[in-house]
């Protein structure tokens, strides 16, 4: 299927508008596991001007501020920004397009994006924009989700849908970026003209209180995965929920259910000029 940037953008925008109200209570528990590594890779510390692209509800923006950075969050979802502003009223959040950033050239020391770039219709254009707004020597750091074969949380879901539902039911437009391996992330950075490019898998655990919490979080706190779940028949959804919950039980420990998750952490520098 050929990429249709406008269809991808509309699909992603609608999905994140829907997910905004429940994101912090659900899926943020997974994505937040990688924040400190992301900030470290970008050098986001005291006195550093940081732009958080695809900031969502402001989880990473707030973490950068706690490090002493002068940080601005940007997102295209008004609903997400509303949640961010309510949760973090002292921080700056702007509505804007990652493919056409509303900032001057060389405005920031660092740019970060936690699980955002792969949702953008034209990731190459977004990368060019992040490089434009970086000062010479500044760093861009991003996280993306590793492939489901590496990422147990999604593997459990997709196996259950494959057994009891339809993996093609959502009829969603293809993703704007396939960044599920370190090699793919490195190619993206190198093509955008970054130097000192690095990419590696980062392994964490998503701690759930109950086995059913995994499907709930994916259904309520994501865009693309939520659309796939919602597209299943009612009977299939019940069977999928039961299968996922049963699979999650194998990851039980004293304080809950710790499901392995894997991200790709990638970074690069804008050459000093």
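Would you please report the Å³ per residue occupied by the convex hull of the alpha carbon atoms in segment 141-194? Working shown, then result.
Numbers: hull volume 4.8 nm³, N = 54.
It comes to 88 Å³ per residue, whole-number rounded.
For q = 0.23, 0.24 Å⁻¹, what log10 I(q)/I(0) does segment 80-183 give under the Debye formula with an equal point scatterer on each alpha carbon and no solvent? Each listed q corresponds, in turn, to -1.27, -1.31.
Exposure proxy check: 133, 202 ranked by fewest other beta carbons within 10 Å? Write out the running numbers ahead of the final one.
Details: 133 21, 202 16.
Sorted ascending by nearby Cβ count, the order is 202, 133.
For segment 66-80 and segment 149-203, compute the distance between their C-alpha centroids and round to whole Å. With segment 66-80 and segment 149-203 each reduced to a Cα centre, they are spaced 24 Å. With distances taken between every two different alpha-carbon atoms, segment 118-173 has a Kirkwood hydrodynamic radius of 14.4 Å.
Express in % the proportion of alpha carbon pairs of segment 1-142 at distances exceeding 24 Å. Of the Cα pairs, 24 percent sit more than 24 Å apart. Were the residues from residue 242 through residue 168 laid out at 0.36 nm apart, the gain over their Cα-Cα distance would be 24.6 nm.
Diagonalising the gyration tensor over the Cα atoms of segment 163-273 and scaling each eigenvalue by 5 before taking the square root yields semi-axes of 34, 20, 10 Å, largest first. Shape summary of the chain, radius of gyration then Dmax from alpha carbon positions: 18.2, 60 Å.
Entry note, the chain: the mean residue ellipticity at 222 nm calculated from DSSP H runs of n ≥ 4, each adding -39500 (n - 2.57), is -12500 deg cm²/dmol after division by the residues and rounding to the nearest 500. Annotation for residue 4 and residue 104: the two label points, set 7 Å from Cα along the Cα-Cβ direction, are 4.0 nm apart. In terms of the mean number of neighbouring beta-carbon atoms within 10 Å, the peptides 43-51, 71-79, 123-131 order highest first as 71-79, 123-131, 43-51. Size descriptors for segment 16-61 (Cα atoms only): Rg and Dmax, in that order, 11.9, 35 Å. When the P(r) of segment 97-244 is calculated, the portion above 20 Å amounts to 55% of the C-alpha pairs. Bridges between two residues of the chain, per DSSP, are antiparallel at a rate of about 55%. As a rough guide to protection, the peptides 187-199, 148-160 ranked by mean Cβ packing within 10 Å, highest first, stand as 148-160, 187-199. Helix 5-23 axis versus longest C-alpha principal axis of the chain: approximately 70°, rounded to the nearest ten. Between helix 123-133 and the chain there is an angle of about 30 degrees, using the helix long axis and the longest principal axis of the Cα atoms.
Readers should treat all values here as calculations from the given coordinates under stated rules, not as data from a laboratory. What you are looking at is a predicted structure, and each value in this text was computed from that prediction instead of being measured. Glycine also receives a Cβ, built like all others from the backbone with ideal geometry; neighbour counts cover every protein chain displayed.
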